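Participant: Here it is, the structure in full.
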Amino acid sequence: MKIMIRLLIACLAMAAGTVFAADPLVITRGTDRAIPIAVVPFGLSGAASLPEDPARIIGNDLHNSGFFNPLAREHMISMPARPDEIIYRDWRAVGAQYLLIGEMASQADGRVQIRYHLLNVTSEQQVHAGTVTGTVQQLRDLAHHIADQAHEKITGIKGAFSTRLLFVTASGPVSDRRYTLYRADYDGARAVTLLQSREPILSPTYAPDGQRIAYVSFEQKRPRIYVQQVETGQREQVTNFEGLNGAPAWSPDSSKLAFVLSKDGNPEIYVMEMASRQVRRVTNHMAIDTEPFWGKDGHTLYFTSDRSGRPQIYRASINGGEAQRVTFSGNYNANPKLSADEKTLVMIHRQDGYKVFKVAAQDLQRGTLRILSDTSLDESPTVAPNGSMVIYATRQQGKGVLMLTSLNGRVRTVLPGIEGEIREPSWSPFLN
């Protein structure tokens with residue numbers, strides 16, 4: 001039964017074939033200049049030390065978005081904690097356009113308070129100021145919040161650094177393989193176990209309400225879809241059909257779950273009403289239809305199909321009508337994900353004439369396609385809820401890892417991993 005884990009994708013890949021054409025357009029580090037910002041190490045009073053440096057976390061967050069170029073610490077010309085201590089001309093001289101400063105204080109109850117200021121070096125004006133308080137264990141949450149605020153105040157785009165990431169690891173020898181579903185910070189830190197199994201776990205995905213997740217488990221020796229409460233761990237099996245039960249995807253209002261079933265003999269897309277558990281079929285074609293992803297309108301599904309002879313991405317209404325082909329470049333396009341504004345389609349792509357699979361982004365208005373990754377054998381892209389970053393699974397030095405890339409192509413970095421092969425990443429929605 002484990003052979004079925006990648007059955008659909010394997011079938012699609014074999015059907016793709018190989019043809020030769022022009023070289024693909026490859027994005028390396030991006031051509032537009034990222035915004036230079038100095039995140040000054042925060043001053044600390046009332047405590048001897050903290051486990052992590054929040055300024056470093058903030059700088060890493062802003063860098064990961066692809067919009068910012070944090071100044072290296074050796075280029076910091078002073079360490080001001082208050083706006084009235086700043087000599088703006090000195091910061092302009094080292095190329096800073098924005099400046100983030102702050103100070104930390106330990107409170108009597110053991111909590112930490114951070115006061116911070118975001119300043120425009122060019123205009124010498126304060127852009128934003130705030131105060132956050134939390135426990136030492138919440139230090140990363142405080143830092144992510146400050147980074148979110150800075151990102152939004154400067155770019156106008158809500159920051160996604162306080163979101164969470166789901167992923168699966170496979171560890172141990174093949175004879176005693178163990179699978180673990182984790183929840184972590186978006187950057188892979190503070191991983192918490194949600195489920196462990198001796199059988200494969202696939203396709204974890206957050207509900208837009210942020211309270212539930214859905215995933216495929218083989219714990220009954222065949223694939224079945226489960227829904228689990230994130231905080232309590234309470235779980236429920238929601239499908240038990242013959243054949244494949246896979247690729248769950250939540251509707252934007254969390255009221256429906258799309259997935260793939262082969263109960264009628266061919267892999268097709270179905271939708272379940274979560275309140276009534278009623279299931280209806282969406283696609284009806286002799287080809288393999290898989291990997292559904294919802295549009296924001298709650299009626300449109302993007303999915304992978306080989307109905308044109310090779311795996312390509314289509315979209316269709318759950319209310320009926322003909323499916324429309326969306327991708328035309330390359331001989332393999334699969335696993336569609338939309339950016340927040342629905343202007344960009346992120347996918348796994350294979351260019352004509354090549355045998356490697358990469359993460360690519362297609363402009364849905366212009367039709368142009370950019371390759372975002374410089375790795376190969378890439379899979380399972382997931383897009384940040386603000387559309388600025390993509391995380392995907394790939395291999396590095398023979399091991400499965402997660403890679404983060406900014407959608408503008410400026411940043412590529414491996415997320416810190418834990419023991420085992422890491423795969424199946426899935427980004428959370430914005431969490432309140």
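The values are calculated or read from the model by the stated rules, or taken from the named source; none is laboratory data. Just so it is clear, the model here is predicted, and its values are computed rather than measured. Reconstructed Cβ throughout: ideal geometry from the backbone, glycine too, with neighbour counts over all protein chains shown.
Participant: Hey, could you check the stretch 230-246 for residues that are touching a Lys or Arg at 6+ places or on another chain (Cβ under 6 Å) and assigned to a strand (DSSP E or B) and say which is surrounded by the most Cβ atoms within 10 Å (Cβ to Cβ)?
Facilitator: So the residue we want is Asn245.
Participant: Which of the residues belonging to the stretch 149-176 are assigned to a helix (DSSP H, G or I), touching a Lys or Arg at 6+ places or on another chain (Cβ under 8 Å) and surrounded by 21 or more Cβ atoms within 10 Å (Cβ to Cβ)?
Facilitator: Once the filter is applied, which keeps residues that are assigned to a helix (DSSP H, G or I), touching a Lys or Arg at 6+ places or on another chain (Cβ under 8 Å) and surrounded by 21 or more Cβ atoms within 10 Å (Cβ to Cβ), the stretch 149-176 yields only His151.
Participant: As an exercise: evaluate Glu103 against (1) of a type in the set (Asp, Glu); (2) touching a Lys or Arg at 6+ places or on another chain (Cβ under 6 Å); (3) in a helix (DSSP H, G or I) and give the number of the one condition it does not meet.
Facilitator: The one condition Glu103 does not meet is (3).
Participant: Out of curiosity, is Val227 in contact with an Asp or Glu (Cβ under 8 Å, 6 or more places away or on another chain), β-branched (Val, Ile, Thr) and buried (at least 18 other Cβ atoms within 10 Å of the Cβ)?
Facilitator: In short, yes.
Participant: Next up: Find the residue count for the stretch 289-334, including only residues that are over 21 Å from Thr368 (Cα atoms) and among the polar types (S, T, N, Q).
Facilitator: Of the residues in that region, 4 qualify.
Participant: Same structure, new question: Out of everything in the stretch 328-343 that is farther than 19 Å from Lys296 by Cα and among the hydroxyl-bearing types (Ser, Thr, Tyr), what residue ends up being surrounded by the fewest Cβ atoms within 10 Å (Cβ to Cβ)?
Facilitator: My answer is Ser329.
Residues checked against (1) within 22 Å of Lys158 (Cα to Cα); (2) part of a strand (DSSP E or B); (3) free of Cβ contacts under 8 Å to residues at least 12 places away in the same chain:
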{"site": "Thr327", "(1), (2), (3)": "no, no, no"}
{"site": "Lys337", "(1), (2), (3)": "yes, yes, no"}
{"site": "Val346", "(1), (2), (3)": "yes, yes, no"}
{"site": "His349", "(1), (2), (3)": "no, yes, no"}
{"site": "Tyr354", "(1), (2), (3)": "no, no, no"}
{"site": "Asp374", "(1), (2), (3)": "no, no, no"}
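Participant: Further question on the same structure: Considering only the stretch 137-144, I want to know if a residue exists there that is charged (D, E, K, R) and in the same structural domain as Arg235 (by TED's automatic domain parsing).
Facilitator: Checked the stretch 137-144: no residue is charged (D, E, K, R) and in the same structural domain as Arg235 (by TED's automatic domain parsing).
Participant: Cβ-Cβ distance below 6 Å, separation of 6 or more or different chains: which pairs start in the stretch 166-182 with a residue that is within 16 Å of Arg212 (Cα to Cα) and end on one that is surrounded by 16 or more Cβ atoms within 10 Å (Cβ to Cβ) and among the basic types (Lys, Arg)?
Facilitator: The qualifying pairs are Leu166/Arg183.
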